[in-house]
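The values are calculated or read from the model by the stated rules, or taken from the named source; none is laboratory data. This one's a predicted model, so the numbers in the text were calculated from it and none came from an experiment. Virtual Cβ from ideal backbone geometry, glycine too; neighbours counted across all protein chains shown. Keep in mind that these areas ignore ligands, DNA and RNA; they rest on the heavy atoms of the full protein, side chains included. Shrake-Rupley method; radii C 1.70, N 1.55, O 1.52, S 1.80 Å.
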Amino acid sequence: MTQIRDSIELDFCDVLFQPKRTTLNSRKEANVIREYKFKYYPHHLMSCGIMAANMATTGTFAVNDVLQKYQAITCLHKHYDFNDGENYQYIAQNYEKEESAHNAYTFISTGLKDDKERLFALLADKNFKIDKLCIDIANGYIPKLTDFVKEVRDKFPDILIMVGNIVTGDMTQDLILSGADIVKVGIGPGSVCTTRKLTGVGRPQLSAILECSDAAHGVDGFICADGGCTCAGDVAKAYGAGADFVMLGGMFAGTDEAAGELIEKTIQTNVVSEESGQSRLLQNKEKYKLFYGMSSQLAQERHFGGMACYRASEGKVVEVAYKGSIEDVIQEILGGIRSTMAYIGARRLKDIPKCTTFYRVNRQLNEVFGKS
Ligand code: 5GP
């Protein structure tokens, strides 16, 4: 018989942090850099836990160049051809820059349909030096994924493996026990994702994070909350719900460092003078950048040579207002998180969940002057 889970499922917009008495006098006292110790990967990583999504637009070398300065991570998209000398050199040199290769903040990505032998050759290549892998598929519940995680862990006991996506505790534990250090959580919350419309499958992201982080921490693993963050407050709420890492696509889109065509539009507004009653046309130039889901028809055509006939598009294409450098975006996010920490009394990133009490709310913003 069909079952209904009728406990309330929550999204970021359904909660707000309760402010608490704090020992911090200023947000400067909040430390957003955390030391991560992993279940399998034998090295520590000092990071703020923020990751750029491995989308063709945001998982770029240019994004990586900036984010690593903030000890934030970039999951490169899987369409970089590492047979190409320049791309290969980028990774080798980038890893060399760090005192120890293990301090580098770059993951390479793979799906299940990519060239496995080539991937294994790269992971084994001592000159390429990459030791962080993101295994990413839309439906993390298929048995082939667990088998693949076991195979990679078996061959490469010392690499950092992140895998997803799922939204339930049982599968989080399965993947960690199969060899993953980090499990990526999120089905359908993404800004350019249409999975929920097309398939009816998904789970509100805050509830998914609450359940999966608890399950992961019970078996010494971590989770990465992937998708659905629209502002710095949402990133803080993901940490509040127990996420160890937070992956962002849309928030980093539209920046100089993100890939995607720059589009210039002339916007005409008719302004009527209150005094004379005469109207005149104002012209403004506005800039946008193209951002698209990795399962969108555009991505399928650009990166996979067209849409397979058994697939339907599960992603959309949007024009995001141009934001300038990603540096401003990451600074604003880190500033926001520090401020949250000061409000709730968390000195360290790791302390956020234990200092968190959420109010369940039915409206988080006053939108009298619009949504921004
Ligand atoms: P955002 O931060 O934009 O809300 O979410 C980013 C995440 O959306 C990505 O990390 C990825 O998990 C997911 N995503 C990216 N492209 C697509 C797509 O075409 N379809 C679906 N279902 N999810 C996508």
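L67 versus (1) assigned to a loop (DSSP other than H, G, I, E, B); (2) touching a strand residue (DSSP E or B) at 6+ places or on another chain (Cβ under 6 Å): which is the lone unmet condition?
(1)
If I344 meets every condition in (1) surrounded by fewer than 17 Cβ atoms within 10 Å (Cβ to Cβ); (2) in the same structural domain as L210 (by TED's automatic domain parsing) apart from one, which number is that one?
Checking I344 against (1) surrounded by fewer than 17 Cβ atoms within 10 Å (Cβ to Cβ); (2) in the same structural domain as L210 (by TED's automatic domain parsing), the one that fails is (1).
Any residue in region 47-70 that's open to solvent by 20 Å² or more (accessible area, probe 1.4 Å): show its pairings with residues that are modelled with pLDDT under 95 and near the ligand (Cβ under 9 Å from one of its atoms) at Cβ separation under 7 Å, as long as the two are six or more apart or on different chains.
Close Cβ pairs satisfying both conditions: M55/M294.
Quick check: anything in region 183-202 open to solvent by less than 30 Å² (accessible area, probe 1.4 Å), part of a loop (DSSP other than H, G, I, E, B) and among the charged types (D, E, K, R)?
no
Yes/no per residue for (1) touching a Leu at 6+ places or on another chain (Cβ under 8 Å); (2) at pLDDT 95 or above:
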position	(1), (2)
L206	yes, yes
D214	no, yes
L282	no, no
Q297	no, no
C309	no, no
E314	yes, no
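Does region 253-262 contain at least one residue that is within 16 Å of the ligand (Cβ to nearest atom) and under 27 Å from T168 (Cα atoms)?
No, region 253-262 contains no residue that is within 16 Å of the ligand (Cβ to nearest atom) and under 27 Å from T168 (Cα atoms).
What do you reckon, is T172 at pLDDT 95 or above, within 30 Å of G242 (Cα to Cα), open to solvent by less than 10 Å² (accessible area, probe 1.4 Å) and in the same structural domain as M51 (by TED's automatic domain parsing)?
Against the criterion (at pLDDT 95 or above, within 30 Å of G242 (Cα to Cα), open to solvent by less than 10 Å² (accessible area, probe 1.4 Å) and in the same structural domain as M51 (by TED's automatic domain parsing)), T172 qualifies.
Can you confirm whether G240 is more than 16 Å from the ligand (Cβ to nearest atom) and closer than 21 Å to E332 by Cβ?
When the stated conditions are applied, G240 passes them.
Looking at V329, V318, V271 in this structure, which one is part of a strand (DSSP E or B) and in contact (Cβ under 8 Å) with a residue 40 or more places away in the chain?
Among V329, V318, V271, only V318 is part of a strand (DSSP E or B) and in contact (Cβ under 8 Å) with a residue 40 or more places away in the chain.
Could you check E29 against (1) open to solvent by 30 Å² or more (accessible area, probe 1.4 Å); (2) away from the ligand (no atom under 16 Å from the Cβ); (3) under 30 Å from G315 (Cβ atoms) and say which number it fails?
Going through the list (1) open to solvent by 30 Å² or more (accessible area, probe 1.4 Å); (2) away from the ligand (no atom under 16 Å from the Cβ); (3) under 30 Å from G315 (Cβ atoms), E29 breaks only (3).
Taking region 242-263 as the region of interest, how many residues are open to solvent by less than 10 Å² (accessible area, probe 1.4 Å) and either among the hydrophobic types (A, V, I, L, M, F, W, C) or touching a Gly at 6+ places or on another chain (Cβ under 9 Å) (or both)?
11
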